[in-house]
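The values are calculated or read from the model by the stated rules, or taken from the named source; none is laboratory data. Only a predicted model underlies this, so the values are computations on that prediction, with no experimental measurement involved. Counting neighbours? That spans all protein chains shown, and the Cβs are built from the backbone with ideal geometry, glycine included. Just so you know, the surface numbers come from the protein's heavy atoms only, side chains and all, with ligands and any DNA or RNA stripped out. Shrake-Rupley method; radii C 1.70, N 1.55, O 1.52, S 1.80 Å.
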Amino acid sequence: MQTQDQDNKHIAVIGAGIVGINCAIALQSQGYQVTLLDKEGIGLGCSKGNAGHFATEQVFPLAEAGLLLQLPKMLLDPLGPVALSPKHFPKALPWFIRFIANMFSAKRVKNTAALKSLNEQAINYYKPLLKAANAEHLLTENGSLLVFEHTPIHDIEAIQQSYLSQGVKVELLDREQTFALEPKLNSNIQHALYFTEVAHTISPLDLSQTLADYAIQLGCRFQQFEVCSISHQPDGVTLKNNEQQLHFDQVIIATGAWSESLLKQLGYKLPIEGERGYSLDLSEQTIGQLTRPVASAERRFIITPMSHGLRLAGTVEFAGLKQKANMKRALMLHKNASYILSDLPALGQQSHQGWLGFRPSLPDSLPVIGKAPKHKNINLALGHQHLGLTLGAITGKLIAQVVAEQPTDIDIQPFCLSRFN
């Protein structure tokens, strides 16, 4: 419902990825006049080529002590899930030190509770938006599988119990039960964990663009505009590029992995790392091979059925934002997938396309959501690591509540930028 005060407030959302789009919808629905800004276009960054998995089961932060023992093997494996550029390592070292500090039990328990508070209702926040945008076909609630090739059963049971302890619904399947759900899996697969309440989309880009169209129908405006500088005044915020400047009453910064420089201009520290994530799209020959996302526990990647075929995703490369893409990281996903699917066409027998995106990852695996501590007209919605798609709708709702000075649906104190400043 609009109020006179809201009618007079013009808000810019910087960043037209899935998080920024959802912020624009929620704010426009509150009665504000929203302008969505992006240096490229709608959904063309990390929201374009991601795995398409609404991963509400991922309530555990990425920082876990077991990684310290596994990391050397991962880095040495040419098909491994993690790569680290020697050139980038000195710059990334402070981030890794903070990441390791978050492995300690007390911090991990606290961060898990915060992440769970966002994840457990994340899909439900999307449903009314998708219905209003006539886009319900872009959300498929068919669960997902985490498959195991050689992990001992007692270890799989322990993993299952860790999820169950957090209220995540997951079933342990034997080989026969697994193949009943997905008959075209490779004979290597021995067990699976079946997450029954997660979802996926057949096209993350279509999802972003359809929701952006809905925001525009509500009255939101889109402008291609690269924000080079940001300055705060008592009466609002000024954004500049090389040619012009724009003035707004309030601003939402939803610029993902590119947020560090903008926040630095405002005097804030943001220990963000742009995890370079690769994906590989396979052609229509692979349509029908899977009915739900299938992740490999040992190989640490995921295969998602999309409208065009299969998408393989999940590797991590620490090499900064400026180094050229290493598409070998994308192509190796096909080799890994051959261990998970039985009749995967060779790359030479089908068209394929590699992609690189930058996951905005903070060392505690929690996003930054809420008002900037020292700037009343600036709000933040960034740093969603591997969960930007999952947490888009709930983040938008929370930001709208913060701007309107309403009680938030969940406690957002754990996501305040002040934890780093």
#### Entry: Pair list, Cβ < 6 Å and 6+ apart or interchain, from region 125-136 residues that are more than 16 Å from residue 206 (Cβ to Cβ) to residues that are hydrophobic (A, V, I, L, M, F, W, C)
125/393; 125/394
### Task
Could you give me the residue pairs with C-beta distances under 7 Å whose first residue belongs to region 12-41 and is more than 25 Å from residue 203 (Cα to Cα), whose second residue is acidic (Asp, Glu) and part of a helix (DSSP H, G or I) wherever it lies, and which are 6+ apart or on separate chains?
31/7
#### Entry: Residues of region 23-76 classified as crowded, with 17+ Cβ neighbours inside 10 Å and under 22 Å from the mean Cα position of the chain (by Cα), total
31
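Those residues that are buried (at least 21 other Cβ atoms within 10 Å of the Cβ) and not polar (S, T, N, Q), I need them from region 271-281; list them, please.
Of all residues in region 271-281, those buried (at least 21 other Cβ atoms within 10 Å of the Cβ) come to 272-280.
Scanning region 271-281 gives 272, 273, 274, 275, 276, 277, 278, 280.
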### Message
Between a residue in region 60-72 that is assigned to a helix (DSSP H, G or I) and any residue that is of a type in the set (Phe, Trp, Tyr) and open to solvent by 60 Å² or more (accessible area, probe 1.4 Å), which pairs come within a Cβ distance under 7 Å, given they are 6 or more apart or on different chains?
### Response
none
### Where residue 169 falls short, out of the listed (1) in contact with a Ser or Thr (Cβ under 6 Å, 6 or more places away or on another chain); (2) within 30 Å of residue 24 (Cβ to Cβ)
(2)
### Query
Within region 77-105, can you find the residues that are open to solvent by 80 Å² or more (accessible area, probe 1.4 Å) and assigned to a loop (DSSP other than H, G, I, E, B)?
78, 86, 87, 104
### Query
Any residue in region 282-291 that is under 17 Å from residue 355 (Cβ atoms), open to solvent by less than 10 Å² (accessible area, probe 1.4 Å), touching a Leu at 6+ places or on another chain (Cβ under 8 Å) and assigned to a helix (DSSP H, G or I)?
yes
### Query
What pairs can you find where one residue is in region 364-380 and at positive phi, the other is small (Gly, Ala, Ser) and open to solvent by less than 10 Å² (accessible area, probe 1.4 Å), and their Cβ atoms are less than 8 Å apart, with a gap of 6+ or different chains?
365/63
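Looking at the structure I just gave you, is residue 141 over 30 Å from residue 207 (Cβ atoms) and open to solvent by 70 Å² or more (accessible area, probe 1.4 Å)?
No: the conditions fail for residue 141.
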### Among (1) farther than 19 Å from residue 296 by Cα; (2) outside any helix (DSSP H, G or I), the one test that residue 24 misses
(2)
### Summary
If we ask which residues in region 222-243 are in contact with a helix residue (DSSP H, G or I) (Cβ under 9 Å, 6 or more places away or on another chain) and under 28 Å from residue 393 (Cβ atoms), their number turns out to be 3
#### Entry: strands (runs of 3 or more DSSP E) within region 173-264 that include 1 or more residues over 21 Å from residue 357 (Cβ atoms), out of contact with any Ser or Thr (no Cβ under 6 Å at 6 or more places or on another chain) and open to solvent by less than 20 Å² (accessible area, probe 1.4 Å)
191-195, 229-233, 236-240, 245-248, 250-253
### Task
Could you tell me whether any residue of region 204-213 is closer than 30 Å to residue 312 by Cβ and in contact with a strand residue (DSSP E or B) (Cβ under 8 Å, 6 or more places away or on another chain)?
yes
### Message
Looking only at residues that are open to solvent by 20 Å² or more (accessible area, probe 1.4 Å) and not small (Gly, Ala, Ser) in region 292-301, which one is nearest to the chain's Cα centre (by Cα)?
### Response
300
### Query
Do you know which of the residues in region 318-375 that are open to solvent by 40 Å² or more (accessible area, probe 1.4 Å) and part of a strand (DSSP E or B) is nearest to residue 248 (Cα to Cα)?
371
### Summary
When region 123-138 is checked residue by residue, the ones that are out of contact with any Leu (no Cβ under 8 Å at 6 or more places or on another chain) and either open to solvent by less than 20 Å² (accessible area, probe 1.4 Å) or closer than 21 Å to residue 194 by Cα (or both) are 124
### Task
Residue by residue through region 144-162, note down the ones that are within 27 Å of residue 394 (Cα to Cα), of a type in the set (Ser, Thr, Tyr) and open to solvent by 20 Å² or more (accessible area, probe 1.4 Å).
162
#### Entry: region 385-397, subset open to solvent by less than 10 Å² (accessible area, probe 1.4 Å) and either of a type in the set (A, V, I, L, M, F, W, C) or part of a loop (DSSP other than H, G, I, E, B) (or both), residue farthest from residue 44 (Cα to Cα)
394
### Message
Let me spell it out: the conditions are (1) in contact (Cβ under 8 Å) with a residue 12 or more places away in the chain; (2) under 17 Å from residue 268 (Cβ atoms), and residue 392 meets all of them except one. Which number is the exception?
### Response
(2)
### Message
I need a count of the residues in region 256-273 that are in contact with an Asp or Glu (Cβ under 9 Å, 6 or more places away or on another chain) and within 17 Å of residue 39 (Cβ to Cβ).
### Response
1
